[in-house]
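Undergrad: Take this structure first; my questions come after.
The values are calculated or read from the model by the stated rules, or taken from the named source; none is laboratory data. Everything numeric here is computed off the predicted structure, so don't read it as measured data. All Cβ positions, glycine included, derive from the backbone under ideal geometry; neighbour counts span all protein chains shown.
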Amino acid sequence: MKVLVLGSNGQLGFELMRVNWAPGTDVVGLPYPEFDVTRPGDVEKAVATHAPDLLVNATAHTAVDKAESEVDLSFAVNRDGPGAMAAACAARGIPFIHVSTDYVFDGTKDGIYTEDDPINPLGVYGASKAAGEEAVRAATPHHVILRTSWVYSAYGNNFVKTMLRFGKEREEMRVVADQHGSPTAAADLAAAIVQIAGTLEKIDGGKTGGAAWGTYHLTGSGYTTWHDFAEHIFRRLEERTGKRPRLTAIGTADYPTPARRPANSRLDCSRAKERLGVACPPWQDSLDRVIDELFTNPPQA
């Protein structure tokens with residue numbers, strides 16, 4: 001089986017390149033700027049050149065606040081790119097795995113979001129990702145869309161690494177306590193994609209996928225707030241360095257940003273477990289593993 005990973009130098013792409021794939025799997029990764037999803041012809045060229053049995057899209061414009069002023073770029077990366085990938089896959093009978101986000105929801109639901117709940121993104125980032133989902137669905141039925149949330153890794157830029165850095169430098173941190181969701185380790189997403197790839201390969205060589213095709217939620221198990229997420233990070237920081245800043249809970253209104261965030265990003269991941277057989281570990285366990293890596297053998301990023 002040959003897998004092509006587009007965007008292999010992002011958080012998820014990095015993990016997809018180092019995760020343990022099934023024996024005999026040939027994994028090819030194309031990083032930016034070697035592959036530029038906004039450059040005309042790059043998608044078609046990549047798929048035609050490498051002729052994969054599975055395409056995984058790890059590209060994304062994830063700068064939520066910058067997206068408000070980078071509208072064209074956000075839609076080019078998050079909508080047009082996935083649409084072109086899906087079309088290239090459809091023309092060749094290749095299954096396609098695409099990663100989306102909790103930001104397609106507005107966060108006003110009194111409960112946990114399922115895949116069947118109506119979407120209503122609050123800003124450009126969420127709108128561009130929602131449009132990307134629709135572009136994929138319109139281009140090929142042979143897709144798996146994975147909505148996830150609060151992604152972090154030992155590689156790249158993310159909340160965990162920012163909190164560790166600030167925790168060493170500052171006496172006090174103020175973190176939002178009224179936004180709820182699930183931290184998700186990119187390594188866990190990558191491991192789940194490996195499992196999904198194996199499932200698709202077994203079902204008619206990935207050509208039909210049976211009931212596997214569709215949209216799924218997949219996040220770290222359990223729910224928390226950004227404040228409690230930070231508290232867990234700072235406990236681990238104190239164990240290793242003796243340093244721990246005072247942590248003050250604030251409301252979203254106390255930390256204005258260009259883009260609005262959903263207050264409720266809790267996603268129901270039961271469908272992914274039932275149909276695809278995948279689930280992520282408790283977010284606390286995965287966070288501990290990532291922090292261990294950052295203190296013992298951090299990747300160059």
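Undergrad: Which condition number does Arg240 fail, the rest of (1) more than 22 Å from the chain's Cα centre (by Cα); (2) not in a helix (DSSP H, G or I) being met?
TA: So the condition that Arg240 fails would be (2).
Undergrad: Sticking with this structure for a sec: Going by the conditions given, is Val28 assigned to a strand (DSSP E or B), surrounded by 13 or more Cβ atoms within 10 Å (Cβ to Cβ) and in contact with a Ser or Thr (Cβ under 9 Å, 6 or more places away or on another chain)?
TA: yes
Undergrad: Additional query: Looking at this structure, is Pro298 surrounded by fewer than 18 Cβ atoms within 10 Å (Cβ to Cβ), closer than 18 Å to Phe166 by Cα, under 23 Å from the mean Cα position of the chain (by Cα) and in contact (Cβ under 8 Å) with a residue 12 or more places away in the chain?
TA: Yes, satisfied.
Undergrad: Do we find that Ser74 is surrounded by fewer than 16 Cβ atoms within 10 Å (Cβ to Cβ) and more than 14 Å from His143 (Cβ to Cβ) in this structure?
TA: So Ser74 does not fit the description; no.
Undergrad: Here's another thing I want to ask about it. Return the residues of the range 96-155 that are farther than 15 Å from Tyr216 by Cβ and of a type in the set (S, T, N, Q); say none if nothing qualifies.
TA: Within the range 96-155, Thr108, Asn120, Ser128, Thr140, Ser153 qualify.
Undergrad: Looking at (1) surrounded by fewer than 20 Cβ atoms within 10 Å (Cβ to Cβ); (2) modelled with pLDDT under 95; (3) among the hydrophobic types (A, V, I, L, M, F, W, C), can you tell me which one Leu200 breaks?
TA: Just one mismatch for Leu200, condition (1).
Undergrad: Within the group Arg79, Arg147, which residue is basic (Lys, Arg), touching a Phe, Trp or Tyr at 6+ places or on another chain (Cβ under 8 Å) and modelled with pLDDT of 95 or more?
TA: Going through Arg79, Arg147 in turn, just one is basic (Lys, Arg), touching a Phe, Trp or Tyr at 6+ places or on another chain (Cβ under 8 Å) and modelled with pLDDT of 95 or more: Arg147.
Undergrad: Out of the range 219-276, which residues are of a type in the set (Gly, Ala, Ser) and within 22 Å of Leu294 (Cα to Cα)?
TA: Selection gives Gly220, Ser221, Ala230, Gly242.
Undergrad: Among Gly126, Gly107, Gly81, which is the only one that is among the small types (Gly, Ala, Ser), within 19 Å of Thr38 (Cβ to Cβ) and either surrounded by 16 or more Cβ atoms within 10 Å (Cβ to Cβ) or in contact with a strand residue (DSSP E or B) (Cβ under 9 Å, 6 or more places away or on another chain) (or both)?
TA: Gly81 is the lone residue from the list that is among the small types (Gly, Ala, Ser), within 19 Å of Thr38 (Cβ to Cβ) and either surrounded by 16 or more Cβ atoms within 10 Å (Cβ to Cβ) or in contact with a strand residue (DSSP E or B) (Cβ under 9 Å, 6 or more places away or on another chain) (or both).
Undergrad: A further question follows. Go through the range 107-119 and give me each residue that's of a type outside the set (Ser, Thr, Tyr) and out of contact with any helix residue (DSSP H, G or I) (no Cβ under 8 Å at 6 or more places or on another chain).
TA: Gly107, Lys109, Asp110, Gly111, Ile112, Asp116, Asp117, Pro118
Undergrad: Moving to a separate point now. Trp213 fails exactly one of the following numbered conditions: (1) under 18 Å from Ser153 (Cα atoms); (2) of a type in the set (Phe, Trp, Tyr); (3) in contact with a strand residue (DSSP E or B) (Cβ under 9 Å, 6 or more places away or on another chain). What is the number of that condition?
TA: In the conditions (1) under 18 Å from Ser153 (Cα atoms); (2) of a type in the set (Phe, Trp, Tyr); (3) in contact with a strand residue (DSSP E or B) (Cβ under 9 Å, 6 or more places away or on another chain), Trp213 misses (1) alone.
Undergrad: Restricting to the range 253-270, and then to whatever is surrounded by fewer than 17 Cβ atoms within 10 Å (Cβ to Cβ) and of a type outside the set (A, V, I, L, M), can you tell me which residue is farthest from the chain's Cα centre (by Cα)?
TA: Asp254
Undergrad: So, in the range 53-85, exactly how many residues are in a helix (DSSP H, G or I) and among the small types (Gly, Ala, Ser)?
TA: Going through the range 53-85 one residue at a time, the tally reaches 6.
Undergrad: Right, here's the next one. Inspect all residues belonging to the range 205-215 and state whether any of them is under 27 Å from Val64 (Cα atoms), at pLDDT 95 or above, of a type outside the set (D, E, K, R) and out of contact with any helix residue (DSSP H, G or I) (no Cβ under 6 Å at 6 or more places or on another chain).
TA: Yes, the range 205-215 contains a residue that is under 27 Å from Val64 (Cα atoms), at pLDDT 95 or above, of a type outside the set (D, E, K, R) and out of contact with any helix residue (DSSP H, G or I) (no Cβ under 6 Å at 6 or more places or on another chain).
Undergrad: Quick check: is even one residue across the range 243-266 farther than 27 Å from Met1 by Cα and free of Cβ contacts under 8 Å to residues at least 12 places away in the same chain?
TA: Yes, the range 243-266 contains a residue that is farther than 27 Å from Met1 by Cα and free of Cβ contacts under 8 Å to residues at least 12 places away in the same chain.
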